[in-house]
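Step one of this worksheet: look at the structure below.
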Amino acid sequence: MRCPFCQDPENKVIDSRESHEGSVIRRRRECLACKRRFTTYERVEELYPLIVKKDGRREAFDREKMLNGLKKACEKRPVSAAQLEATVEDIERMLQGMGEKEVPSSSIGEHVMRRLQQLDEVAYVRFASVYRSFRDISEFMHELKDLLEDQERERKAKPPVTPPKDG
């Protein structure tokens, strides 16, 4: 590991800690040449399936690309970085669990939309508008109508909360 400041390859590990529920090791290092400190992250190299895009192209799964898309959808919304990270980790586990060599981007997009719908409805609509490439306002309104119907079904499915009786 080269020092990001002076490019010297010699450094020592000062501290190591697990993070992200043990899936990443954070290492604090000190360069032996310039004495500056820096942090590195170590994670197991996962083998993900290729993502088959709508036009037939195949791309390697890119966690940063997904995280950036989620951040854009959740911009100025009450969704934490930890929630976004957990969403990406959930999708990574799903991809690994599938055991497939190739996965259509549509199945990943649908999974992302389900997670966003649980996290924040505005972020969900933002993501859906880009992901589904609405051609006009009527398609957009149709998606909103479906969202409202889902909310109503969930509301009706929940039993009413009754206050405790004074006794």
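The values are calculated or read from the model by the stated rules, or taken from the named source; none is laboratory data. Note that the structure is a prediction, hence the values are computed from the model and not measured. When we count neighbours, we look across all protein chains shown, and the Cβ atoms used for this are built from the backbone with ideal geometry, even at glycine. SASA here: full protein model, heavy atoms, side chains in, ligands and nucleic acids out. Shrake-Rupley method; radii C 1.70, N 1.55, O 1.52, S 1.80 Å.
Of the candidates Ser23, Ser80, Ser16, the single residue that is within 30 Å of Gln151 (Cβ to Cβ) and of a type in the set (Ser, Thr, Tyr) is Ser80. None of Gly69, Gly56 is among the small types (Gly, Ala, Ser) and either closer than 20 Å to Ala128 by Cα or in contact (Cβ under 8 Å) with a residue 60 or more places away in the chain (or both) except Gly69. Taking first residues from the stretch 23-46 that are over 13 Å from Cys3 (Cβ atoms) and partners that are aromatic (Phe, Trp, Tyr) and assigned to a strand (DSSP E or B), the Cβ contacts under 7 Å between residues at least 6 apart in sequence or on separate chains come to Val24/Tyr41; Arg26/Tyr41.
Could you count how many residues in the stretch 37-49 are in contact with a strand residue (DSSP E or B) (Cβ under 8 Å, 6 or more places away or on another chain) and open to solvent by 70 Å² or more (accessible area, probe 1.4 Å)? Number of matching residues: 4. Within the stretch 100-137, the set of residues being at negative phi and not in a helix (DSSP H, G or I) comprises Glu100, Lys101, Glu102, Val103, Pro104, Asp120, Arg132, Phe134, Arg135, Asp136.
Out of everything in the stretch 1-36 that is acidic (Asp, Glu) and in a loop (DSSP other than H, G, I, E, B), what residue ends up being most open to solvent (accessible area, probe 1.4 Å)? Going through the qualifying residues, I end up with Glu21.
If the condition is being under 22 Å from Lys54 (Cβ atoms), touching a Pro at 6+ places or on another chain (Cβ under 9 Å) and open to solvent by less than 50 Å² (accessible area, probe 1.4 Å), then the stretch 80-133 contributes Leu95, Val103.
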